1. So, in nm, how far is label residue 34 from label residue 53 when the simple model puts each one 7 Å beyond its Cα toward the Cβ?
2. What's the extension gain from residue 78 to residue 63 if we count 0.36 nm per residue and subtract their Cα-Cα distance?
Amino acid sequence: MNKKMKRQKSILPGALGIRVIKTKQHPRGDINFALRSFKKELKQSGKLQELRERRYFVPKSAKKREMMKRAKYFQWVEDLNRY
């Protein structure tokens, strides 16, 4: 399997591990309902967010720095609300 085939296979519907939406409930094939359901499933699965995060390489040190920054912020907010 070459690079082009791998890319085509990865963009097929359902290739991200998302359920395929069936429109049997809508005899005329309500595509808007199917699209809304698909987008909701995609968002809930977290695959789209993961793809966005993996778009660029982020070193481990930068990830740890960001985690510490967030932890300090949430601790600061908690301390403000405590008093």
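Read-outs throughout are calculated quantities, based only on the coordinates presented, and are distinct from any laboratory measurement. This is a predicted model, so every value here is computed, not measured. Please note: Cβ atoms are built from the backbone with ideal geometry, for glycine as well, and neighbour counts cover all protein chains shown.
1. According to this spin-label approximation, the distance is 3.1 nm.
2. On the way: separation 15, 0.36 × 15 = 5.40 nm, distance 2.26 nm.
Additional length available on full extension: 3.1 nm.
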